[in-house]
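Worksheet for the structure shown next.
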Amino acid sequence: SPTLNPTPNIRGNAGSTTQSITTQDDDDDDSTKVDPPSNDSYKSITFYAIGDTPLNPVQEETLREQISNLPSYSYHPSTTTTPTTTLTETNAFLIHLGDIQKGNADCQVAKYNTVQSILLQSPLPVFVLPGDSDIRNCPNPDQAFNY
């Protein structure tokens, strides 16, 4: 069976992991090693991470400004065309790590809709991981999950 041997590969500020795969024939006489492509074939990944925001109207405005200052990537989830990049780093995205409200919030759908409308203005693809204040700490967690 194949054996994976992870090897760290750091290029500039981007990190990745490469692996060598070693296979053996049934007769255990022969082995074949498959090495990954050269470092020149790896592309960097750029991501922007945010979380615990926007907890109030001032932070909502700050988030709008931060989103508008992200580099352009000519991508929007509502389009069906292939993205064309204006960045040299084509593997860029934004991730929100949760908590768009305080832990004692009443979890109104309007708050979720406001944050969604802000994040949809991102020129980069956006991924959202809900935080405990977005679901678990809500009076009705099942309902909050569906927002």
- Task: With label points built 7 Å along Cα→Cβ from the Cα atoms of residue 50 and residue 109, find their separation and express it in nm.
- Result: 2.4 nm
- Message: Residue by residue through the stretch 132-139, what is 3J(HN,Hα) from phi via Karplus (6.51 cos²θ - 1.76 cosθ + 1.60, θ = phi - 60°)? Round to whole Hz and write x for glycine and proline.
- Response: 4, 6, 8, 9, 4, 7, 6, x
- Query: Relative to the present Cα-Cα distance, how much length would full extension add between residue 121 and residue 59 at 0.36 nm per residue of separation?
  - Reply: 20.8 nm
- Heavy atoms only, probe 1.4 Å: what % of the accessible area of the stretch 95-147 goes to carbon and sulfur, would you let me know? 53 percent
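The values are calculated or read from the model by the stated rules, or taken from the named source; none is laboratory data. This one's a predicted model, so the numbers in the text were calculated from it and none came from an experiment. For neighbour counting, all protein chains shown are included, and Cβ atoms are generated from backbone atoms with ideal geometry for every residue, glycine included. Heavy atoms of the whole protein, side chains included, go into the accessibility calculation; ligands, DNA and RNA do not. Shrake-Rupley method; radii C 1.70, N 1.55, O 1.52, S 1.80 Å.
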